[in-house]
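Nothing in this text is a laboratory measurement; each read-out follows from the coordinates by a stated rule. These numbers were taken from a predicted model, which means no experiment stands behind them. Here the Cβ is made from the backbone with ideal geometry for all residues, glycine too, and neighbour counts use every protein chain on show.
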Amino acid sequence: MRLTHFIFLLYIFTLFSCKQPKLWLTKIEGKQIQITDTLPLDSEIEAYIKPYRDNIQKDLDSVLAYSIRTYSKSDGKLNTAIGNFMADAVYNEANPIFKNRTGKDIDMVLLNHGGIRSILSKGDVTKRTAYELMPFENSIVVLEMRGNQIDRLISYLIKRKRAHPISKLKLTINEHDKIVEAQINGKDIKPNKAYYVATNDYLYNGGDDMTFFKTNDSLYILNYKVRNALIDHFKKIDTINPVIDDRFIQIK
């Protein structure tokens, strides 16, 4: 064998016999970068976004209504003025949309106590108020539920004994948590009757353990955020003066 052939074969053997070293990740390091007012501003970026920021601030602070006092979700045990206001607002704003699309009316509304994220302060009510009350992107949905499914909803409310906002549902229980009265739109609930219940998509998907919504007959997606319903309702009224009433009470 010629020397040149031998060298070539040796080179090929060496090339394919050498193993590439294996690499392993042994450690990941990171550090927190604080974003504070001490960071220097970029004047060009600030100048660019200022008109947009000013316009947004002006829109958010535009006065829509007036609240005669301060309302909190902790003001009542089984129903609160602010919760009643929000549930009624959802009904009043969503029902025309639902009826226009289906020819039917919403029978009742159920929201969640934890979804009220702020107080409603005395004084001017603005778009910013709506964002503070409802910072989440929750949208309104309507479900068709039978009366026996409504029974599970009512059992949930009685068991939790929390002021979840409701509208068009009237519930009275005695000192032993037994139902004295349960009505929708002033009428007794019929087991096989179809009821159209408005709620938000978070609760429909089981939020706050409201698993009873998933056993519905049909679902209607309105593509209408709870926050937008509040804003639209603010625009239609001059003075906000909700009260704690008898929509969910316990008697002795």
With the Cα gyration tensor of the chain giving a ≥ b ≥ c as the square roots of its eigenvalues, does the rule (a/c under 1.5 for rounded; else a/b larger than b/c for prolate; else oblate) give rounded, prolate or oblate? prolate
Looking only at the range 51-74, which residues have a backbone nitrogen under 19 Å from a spot 7 Å from the Cα of D238 in the C-beta direction? 63-69
Local net charge near T239, Cβ-Cβ under 12 Å (Lys/Arg +1, Asp/Glu -1): +1
Of the residues G83, Y220, S62, the Cα lying farthest along the dipole of the chain towards its positive end, which is defined by charges on the beta carbon of Lys, Arg, Asp and Glu, belongs to Y220
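Using Cβ counts within 10 Å as a stand-in for footprinting exposure, how do F136, F248 rank, fewest first?
Neighbour counts put them in this order, fewest first: F136, F248.
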In the Gaussian network model of the chain, springs joining C-alpha atoms below 10 Å, which of G83, G207, G115 carries the largest mean-square fluctuation? G207
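Local charge sum around N223 (other residues, Cβ-Cβ under 15 Å, Lys/Arg +1, Asp/Glu -1)?
My count for the surroundings of N223 gives -1.
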For the range 234-240, Karplus-derived ³J(HN,Hα) couplings (6.51, -1.76, 1.60; θ = phi - 60°; whole Hz; x for glycine and proline) come out as 4, 5, 8, 10, 9, 10, 9
Looking at this model, which pairs from K73/K104; K159/K190; K58/K168 are more than 25 angstrom apart at the alpha-carbon? K73/K104; K58/K168
How long is the gain from D61 to K99 if the chain were fully straight, where each residue apart is worth 0.36 nm and the alpha carbon distance is subtracted? 10.5 nm
For K190 and R162, calculate 0.36 nm times their separation in residues minus their Cα-Cα distance, and state this gained length in nm to one decimal. 7.6 nm
Angle, helix 81-102 long axis vs. longest principal axis of the chain, Cα atoms, 0 to 90°, nearest 10? 80 degrees
Modelling each spin label as a point 7 Å along the Cα-to-Cβ direction, I'd like the R152/D209 distance in nm, to one decimal. 1.5 nm
